[in-house]
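Notes follow once the structure below has been shown.
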2 protein chains.
Amino acid sequence: MSNTKVLPLLEPEVPETVAPCCPPLTERPFTAEEAETAARMFKALGDPVRLRLFSAVASHEGGEACVCDISDVGVSQPTVSHHLKKLKEAGLLTSERRGTWVYYRVEPSVLAAMGKLLTIAPAAA
Amino acid sequence: MSNTKVLPLLEPEVPETVAPCCPPLTERPFTAEEAETAARMFKALGDPVRLRLFSAVASHEGGEACVCDISDVGVSQPTVSHHLKKLKEAGLLTSERRGTWVYYRVEPSVLAAMGKLLTIAPAAA
DNA sequence: CATCTATGTTGACATACGTCGAACCAAACG
DNA sequence: CGTTTGGTTCGACGTATGTCAACATAGATG
């Protein structure tokens, strides 16, 4: 019932959407370029509605969710669509149409990448 | 030389600035309230300049940095001050004046909290 | 006190952002 | 086909945001 088993499906679709952009925040000062890249992801999660949508997809069984399953976040349906698009553009989600419905799925590597960013110390050196 | 040893200084100054707000994003859909809280932190890091400032402080020796040491990020001095204020308001940094200079320091627990947010699965149940 | 340096605050401005309703597209169904 | 249902795109609107120059404040120093 959990989503622990759906994570290994790293298909080589658009690998550049979430590159290993940056070292941990605490390792050394970010360059302008690194900051630009990382900030784009943080920014995407910096809106309450988007965060709820992302969490809803990430926690949904199968690691993916139909829009109809997650669009109850208190804003209009066009707004939901708008935010999902933003999340896609940030490389956090991917979408796929299957018949009537559109399914969104989290890009698994992105969570790991952002998690590393917030690592205290890599215990290096 | 690294900042691994300065982390244990969790002084009970303002503990509510970074509460254990939320479970991992992948555990269950965020409530509106959780999303509001977490989004505030993500939003603070969602600007390239702020991210560079935060990274500069976090990676600086001693876990803290004078404004003069980190203000070389390509924007004017008032803008730097403005962003540092935002980071403070988000609970990510604290500041202290010591003589002539003002020192900023990262709130250590905040990194751990945000890191947990991005955990894949807590391996629970 | 006068003054210099280091930061923070204020006010103004252009741009970006979140939101909605309306129009539009795509698949299913009669 | 026409209609219904699910979802996106468009256009508009109000608000928030990032930025700077100008001014203000806090210590240090003479």
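Values in this text are rule-based calculations from the coordinates and carry no lab data. Here the structure is a predicted model, which is why all the values come from computation and not from measurement. As a convention, Cβ positions derive from the backbone with ideal geometry for all residues, glycine included, and neighbour counts pool all protein chains shown.
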Inter-part distance where segment B:87-115 and segment A:82-116 are each reduced to a Cα centre, Å: 32
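Provide the FRET efficiency to the nearest 0.05 for the A:V102-B:E89 pair, computing r from the beta carbons and using R0 = 45 Å. Could the numbers behind the result be given before it?
Values: r = 37 Å, r/R0 = 0.83.
For A:V102 and B:E89, the calculated efficiency is 0.75.
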Copies compared at A:E89 - label distances in nm, ascending, label defined 7 Å from Cα in the Cβ direction: 2.4
Positive dipole terminus of segment A:24-117, leading residue within A:M114, A:L53, A:L25 (C-beta point charges): A:L53
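Could you sort out which of A:K88/B:K116; A:K88/B:K88; A:K85/B:K88 sit more than 27 Å apart by Cα distance in this structure? It would help to have the intermediate numbers written out before the result.
Numbers: A:K88/B:K116 23 Å; A:K88/B:K88 30 Å; A:K85/B:K88 30 Å.
The answer is A:K88/B:K88; A:K85/B:K88.
What's the long-distance tail for segment A:24-117, i.e. % of Cα pairs beyond 18 Å? Before the final figure, lay out each step's value.
Values: 1987 of 4371 pairs.
For segment A:24-117, the fraction of Cα-Cα distances above 18 Å is 45 percent.
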Distance between modelled label sites at B:C66 and A:C68, nm, 7 Å Cα→Cβ extension: 6.3
Computed lengthening from B:Q77 to B:S109, 0.36 nm per intervening residue step minus Cα-Cα distance: 8.7 nm
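Let me know the charge dipole size of segment B:22-117 about its Cα centre in debye, to the nearest 20, where only the beta-carbon of Lys, Arg (+1) and Asp, Glu (-1) is charged. Provide the component values of the computation, followed by the final result.
On the way: 12 positive and 12 negative charges, 29 e Å.
Charge dipole, segment B:22-117, about its Cα centre: 140 debye, nearest 20.
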